[in-house]
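To start, the structure itself, in structure tokens.
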Amino acid sequence: MGRSRNPRRAAVAATAAVEEAVDGGLARLVPDPDRSRAWTLLIDGAPQSHVDLDDPGYLSFEYQRRLGHVIDLAAPPGKPVHAVHLGGGAFTLARYVAATRPRSTQQVVERDASLVQLVRRELPLDPNARIRVRSADARAGLGKVPDGWADLIVADVFSGARTPAHLTSTEFLDEVRRALKPSGIYAANLADGPPLAHLRGQIATAAARFAELALIADPAVLRGKRFGNAILVASDLPLPLSELTRRAASDPHTARVEHGRRLTDFTGGAQPVTDAAAVDSPAPPPSVFR
């Protein structure tokens, strides 16, 4: 006797992946076998985003869950915010803000215009969400945001799995500060591995421009044991450290929150990065995507 099949898995398995050449390489939208209208976006084999069209409040990737915690704590629950997303992917975090903070006004800046067209066609945004998508370089697009407009700026920009150099400098953070409200929060998805020189430099760079910092990361990444993501959070006002720590510790993939003197010591004397000295973030080893 054959085994009974899960009807939901069978239906999803029958849904073909979508492949299309975009400016940044070969994009693939792969259906999630466990969620009926959920998809993973990959660019040249590197996972970029996961979206559940039926439940945009669901965040699958661990780094997106950590950014979701920052979004949840950026303002009182449910309060609308002005948010800027540098790097669009499949618009996962913009959808999350729209779902958890209705009536928020958002701007997404994504350089890859053909990727934007693919995502809009295959994974359409809620027409009632106040999300404006601009196809532009992240720093150039940020330059068009009015002074003091944003409650929250999220940077999640990768080109060929590396963050471009011009998005890693003090001059870039000057633009971030200009666009943020005095009470605003900046959050950046950073990727690095041993010896963590890029991550240490990015913390020093943010410390040169913001009064309060925190870093959310897997302890193995912080110890330089493996390549991975870290979420840098910065503001001029005190951050919700206790609640960030609690949420990070309760995630399926437990993370640690570093701040204060421990975070300063972690930089190991790294100096702030300027435009003149900036380089792309390091490329991840091939094993990361296996």
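Quick notes on this structure:
- When the alpha carbon gyration tensor of segment 103-211 is reduced to an equivalent ellipsoid, the three semi-axes, largest first, read 25, 19, 11 Å.
- Projecting the Cα positions of Leu199, Ile185, Val18 onto the charge dipole of the chain (unit charges on Cβ atoms of Lys, Arg, Asp and Glu, taken about the Cα centre) puts Val18 furthest along the positive direction.
- Relative contact order, whole percent, for the chain stands at 15, derived from Cα pairs under 8 Å and 6 or more residues apart.
- Accessible surface ranking for Asp137, Asp275, 1.4 angstrom probe, highest first: Asp275, Asp137.
- Total charge dipole magnitude, the chain, about the Cα centre, Cβ charges on Lys, Arg, Asp, Glu only, Debye to nearest 20: 660 debye
- Within the accessible surface of the chain, defined with a 1.4 Å probe on protein heavy atoms only, the carbon and sulfur portion equals 51 percent.
- Taking other residues whose beta carbon is less than 14 angstrom from the beta carbon of Gln117, and scoring Lys, Arg as +1 and Asp, Glu as -1, yields -1.
- Dipole of segment 24-146 [Lys/Arg +1, Asp/Glu -1 at C-beta], most positive-end residue of Gly57, Val97, Ala140: Ala140
- Near Leu26: Cβ cut-off under 13 Å, other residues only, Lys/Arg at +1 and Asp/Glu at -1. The net charge is -4.
- Computed with a 1.4 Å probe over protein heavy atoms only, the accessible surface of the chain comes to 46 Å² per residue.
- Of all lysines in the structure, those lying under 24 Å Cα to Cα from Lys181, and not within fewer than 8 positions of it along the same chain, are Lys79, Lys144.
- For Thr274, the residues 5 or more places off, or on other chains, whose built amide H falls under 5 Å of its own are Thr170.
- Assigned charges on the beta-carbon of Lys, Arg, Asp, Glu; segment 1-151 dipole about Cα centre (debye): 380 debye
- With the simple spin-label model, which puts each label point 7 Å out from Cα in the Cβ direction, the Ala276 to Ala17 separation comes to 4.6 nm.
- The structure shown yields P(r) over Cα pairs in 10 Å bins from 0, in percent, and of the options (i) 7, 32, 39, 20, 2, 0; (ii) 6, 29, 37, 21, 5, 1, 0; (iii) 5, 19, 23, 22, 17, 9, 4, 1, 0, 0 that calculated value carries the label (ii).
- Extents of segment 197-264, taken as max minus min of Cα coordinates on every principal axis and listed largest first, are 31, 28, 17 Å.
The values are calculated or read from the model by the stated rules, or taken from the named source; none is laboratory data. It should be emphasised that the depicted structure is a prediction, and the values quoted were computed from it without experimental measurement. For neighbour counting, all protein chains shown are included, and Cβ atoms are generated from backbone atoms with ideal geometry for every residue, glycine included. Calculation scope for accessible area: heavy atoms of the full protein, side chains included, ligands and nucleic acids excluded. Shrake-Rupley method; radii C 1.70, N 1.55, O 1.52, S 1.80 Å.
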